[in-house]
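**Student:** Sharing a structure here in structure tokens format.
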Amino acid sequence: MSPNRSRYAALGDFLLAQNSNEFVMTLVEIEKLVGSLPSEARTSQFWANAKGYHQARRNQWLKAGYKAYFLPQNDAVRFVLSTDDALPARTNWTSDELRACVDAYHQLWLAERQGVHIDKSRLRREVLEKALSNRRDGAYEYRMQNISAVLDELGMEPVTGYLPRRNVGRHKVQLIQLINEFWERLSKPELPTSDPQSLETRIASAKARNRQGSPPPGGSKEPLRVRREVFSFERDPEVVAWVLSAADGVCEICDLPAPFVRSDGAPYLEVHHVRTLAEGGPDQCDNAVAVCPNCHRRLHHGDRRDRLRHIVVQKVARLRNYPALSRVNGSDEAVLE
């Protein structure tokens, strides 16, 4: 660590790389970034947002655009993106910044396969000085781990030392296009996969190459069946039934009737957890809405899904705005039929 770098700087680097408006980190998770925390970390004063007091620590979340709130019942801290105009703006990554990161990663990837050593620290400093002058070390490291995740989903081996971080965000399509360019994959067809996340990434890659009027691909006449072990959450049928009854056949987001009637005569709606179970949301009626398939997909995959989630919480009186907790294995993606 540099003598002028706060021990809490790793937390600031992590926060700068986040895309969420709010989320919760346990103290144990924070300690993995910054090291052992003092006993005072279990007090609200330690995480107060006052300026001019312990700035080396508090600047880490304030300069990242967040305010911190201690949750004693969870032994955790809630970070909420601030609307304070005095805080510096969080800027989106530019195309040049993303290109510089992919270029650096490609150099490391080639060197590793050729058995040539490249000083990662020196390469990082060069990229930060030339192309990422407004970014910190942690933002670069996080983006390199994002590139590892995309490579892995495309079926390629990531660089050793950069474990995949899959919360890539809105820049994923740009990263895919840059990877295809640097790895000369522009004419290479994507391979079939049974993994949903890898499939989505490979579809995005294939779509970027396809042109109107191109011949259809051959596909697979007899696709392989793959046995996969997956984790899922138990769902309370009483909650699902109550939410569907309360909606009375009308989508609670767009206010349109269910798009069709099921074989049993009931209107077809899907029950969605506003704060997903994978984010620590509860399986309760104050965290669930009945929605049409179109709105359900928007909540999961829309480019403004965080804003839509907040709109839903404000629109439906029974809902509570639960914060996001640490992710665990599992998925809220299954459609109830």
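The values are calculated or read from the model by the stated rules, or taken from the named source; none is laboratory data. These figures come from a predicted structure and were not determined experimentally. So basically every Cβ, Gly included, is an ideal-geometry build from the backbone, and we count neighbours across all protein chains shown. The protein model used for the area step is the full one, side chains on, heavy atoms only, and it has no ligands, DNA or RNA in it. Shrake-Rupley method; radii C 1.70, N 1.55, O 1.52, S 1.80 Å.
**Student:** Using protein chains only and a probe of 1.4 angstrom, how many square angstrom of S95 are accessible, to the nearest 10?
**Tutor:** We get 70 Å² for S95.
**Student:** Could you order K32, K172 so the one with the most accessible surface comes first? Probe is 1.4 Å. Display every interim value, and only then the final one.
**Tutor:** Numbers: K32 165, K172 40 Å².
Descending order: K32, K172.
**Student:** Highest first, please rank the peptides 146-158, 102-114 by the mean number of other Cβ atoms sitting within 10 Å of their residues.
**Tutor:** Working: 146-158: 20.2, 102-114: 17.2.
Descending mean neighbour count gives 146-158, 102-114.
**Student:** By a straight-distance test (C-alpha under 14 Å), which aspartates and glutamates pair with K315 as possible cross-link partners, with residues fewer than eight away in the same chain excluded?
**Tutor:** Answer for K315, where 14 Å is the Cα cut-off: E252, D255, D286, listed by chain and number.
**Student:** Straight distance only, please: which lysines reach the Cα of K120 with their own Cα at less than 16 Å, same-chain residues fewer than 8 apart left out?
**Tutor:** K130
**Student:** Let me check something: with ligands and nucleic acids excluded, how do R136, R58 order by accessible area (1.4 Å probe), largest to smallest?
**Tutor:** Values: R136 85, R58 5 Å².
So the residues, ranked largest to smallest area, are R136, R58.
**Student:** Rank these residues by their accessible area, most exposed first, probe 1.4 Å: V250, V274. Please report the intermediate quantities before stating the final value.
**Tutor:** Working: V250 55, V274 10 Å².
Result, largest first: V250, V274.
**Student:** If I take R0 = 25 Å and measure r between the Cβ atoms of M156 and V226 in this structure, what FRET efficiency does the formula 1/(1 + (r/R0)^6) give, to the nearest 0.05?
**Tutor:** Details: r = 19 Å, r/R0 = 0.78.
Plugging the Cβ-Cβ distance into 1/(1 + (r/R0)^6) gives 0.80.
**Student:** Can you tell me, using C-alpha contacts under 8 Å and at least 6 residues apart, the relative contact order of region 201-329 as a whole percent?
**Tutor:** About 22 percent, as a whole number.
**Student:** Right, next: In whole percent, how big is the carbon plus sulfur part of the accessible area of the chain, probe 1.4 Å, protein atoms only?
**Tutor:** Carbon-and-sulfur percentage of accessible area, whole number: 50.
**Student:** Name the lysines eligible as straight-distance cross-link partners of K207: C-alpha to C-alpha under 16 Å, and not fewer than 8 places from it in the same chain.
**Tutor:** Of all the lysines, those that pass the test against K207 - Cα under 16 Å, at least 8 places apart if same chain - are K172, K188.
**Student:** For the chain, with every protein chain kept in place, what is the accessible area per residue (1.4 Å probe, Å²)?
**Tutor:** Value returned for the chain: 59 Å² of accessible area per residue.
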